[in-house]
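For reference, the structure is listed below as structure tokens.
The values are calculated or read from the model by the stated rules, or taken from the named source; none is laboratory data. The shown structure was predicted, so the numbers you read here are calculated from the model rather than taken from an experiment. Side chains are part of the model used for accessible areas, which takes the heavy atoms of the whole protein and leaves out ligands, DNA and RNA. Shrake-Rupley method; radii C 1.70, N 1.55, O 1.52, S 1.80 Å.
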Amino acid sequence: MDWAEAAGYGAVGGVLVELLVANGRLLAWQADRHRARSEKRRRMPRLRTYIDPPSDIAAVAAGASAPAMLRQIGSFTSVQGLIRGEEAAGAGPPAAEEAVESGGAADREVRP
């Protein structure tokens, strides 16, 4: 998969998520309008207080840039080692635990 295709999939994912979020916001706006009508209020809630197009566009852009960011993170050698199942250098058990596991050498008193 090339970078343009990955960015396209990321953008589509961002759009789908934003559609779901926008649907929830529209349903909240509709419920508030029904509540305002039942209370016979003169001012209805404004849609602009529920929908924020600039932030929605930013979310789609972030979705499009996600594959590039993930590729950059995946290029770190520590992340590559974790993915392969390798232990990080120095991440083994402490020396005392190794001694206990190998026969209790840490329990013995060492004299010069």
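Extents of the stretch 5-48, largest first, come to 52, 14, 6 Å (Cα atoms, principal axes, whole angstrom).
Kindly report the accessible area of the stretch 31-80 per residue (heavy atoms of protein chains, probe 1.4 Å, no ligands, DNA or RNA), in Å².
80 Å²
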